[in-house]
1. When you go through Ala40, Ala14 one by one, which is the residue that is in contact (Cβ under 8 Å) with a residue 60 or more places away in the chain, out of contact with any Phe, Trp or Tyr (no Cβ under 7 Å at 6 or more places or on another chain) and either of a type outside the set (Ser, Thr, Tyr) or farther than 15 Å from Gln117 by Cα (or both)?
2. Hey, can you tell me all the residues within segment 59-82 that are open to solvent by 60 Å² or more (accessible area, probe 1.4 Å) and of a type in the set (Val, Ile, Thr)?
3. Filter segment 83-122 down to residues that are part of a helix (DSSP H, G or I) and not small (Gly, Ala, Ser) and give me whichever is surrounded by the fewest Cβ atoms within 10 Å (Cβ to Cβ).
4. Quick check on segment 25-47: of everything there that is out of contact with any helix residue (DSSP H, G or I) (no Cβ under 9 Å at 6 or more places or on another chain) and of a type in the set (A, V, I, L, M, F, W, C), which residue is surrounded by the fewest Cβ atoms within 10 Å (Cβ to Cβ)?
5. Please go through segment 25-48 and give me each residue that is of a type in the set (A, V, I, L, M, F, W, C) and under 11 Å from Ala97 (Cβ atoms), ordered by number.
6. So, Ala98, is that one touching a residue at least 60 places away in the same chain (Cβ under 8 Å) and of a type in the set (Gly, Ala, Ser) or not?
7. Being within 10 Å of the chain's Cα centre (by Cα) and β-branched (Val, Ile, Thr) is the filter here; which residues of segment 48-83 pass it?
8. Looking only at segment 49-67, count every residue that is among the basic types (Lys, Arg) and under 23 Å from Pro100 (Cα atoms) and tell me the total.
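The values are calculated or read from the model by the stated rules, or taken from the named source; none is laboratory data. For clarity, every value in this text was computed on a predicted model and none was experimentally measured. Here the Cβ positions follow ideal geometry from the backbone for every residue, glycine too, while neighbour counts run over all protein chains shown. SASA here: full protein model, heavy atoms, side chains in, ligands and nucleic acids out. Shrake-Rupley method; radii C 1.70, N 1.55, O 1.52, S 1.80 Å.
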Amino acid sequence: QVQLVESGGGLVQAGGSLRLSCAASRRTFGSYAMGWFRQAPGKEREFVACITRSGGSTLYADSVKGRFTISRDNAKNTMYLQMNSLKPEDTATYYCAAGPQTTSRPTSYNYWGQGTQVIVSS
């Protein structure tokens, strides 16, 4: 089992930046595909980005493409989400997830963090 802990959320003005981190408990972190998802109040959880085990390939939701960058450091058992040019509509709780496949489907991920809140003010 993998435990995931997100950090780095907070309050930021529109146009600002934040970097989220997701720390994994196991040294087998590199054997998992990883993803970021978000959920705004009253809305369903939605895909943000995902990355392959090696970090060599990534996939982004259209809404964040060109503004967000997903990356990972397998030596540190940590994944990151650099968020630039933030918009009020990016306000949500952000979750990291680990699973066997690099996919936008949340049901394909076995392990989830508790979430970190991001609030973007206009």
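1. Of Ala40, Ala14, the one residue that is in contact (Cβ under 8 Å) with a residue 60 or more places away in the chain, out of contact with any Phe, Trp or Tyr (no Cβ under 7 Å at 6 or more places or on another chain) and either of a type outside the set (Ser, Thr, Tyr) or farther than 15 Å from Gln117 by Cα (or both) is Ala14.
2. Within segment 59-82, Thr69 is the sole residue that qualifies.
3. Here the residue is Thr107.
4. Trp36
5. Within segment 25-48, Ala33, Met34, Trp36, Phe37, Phe47, Val48 meet the criteria.
6. Spelling it out, Ala98 is indeed touching a residue at least 60 places away in the same chain (Cβ under 8 Å) and of a type in the set (Gly, Ala, Ser).
7. Residues satisfying the conditions are Val48, Ile51, Thr69, Ile70.
8. 1
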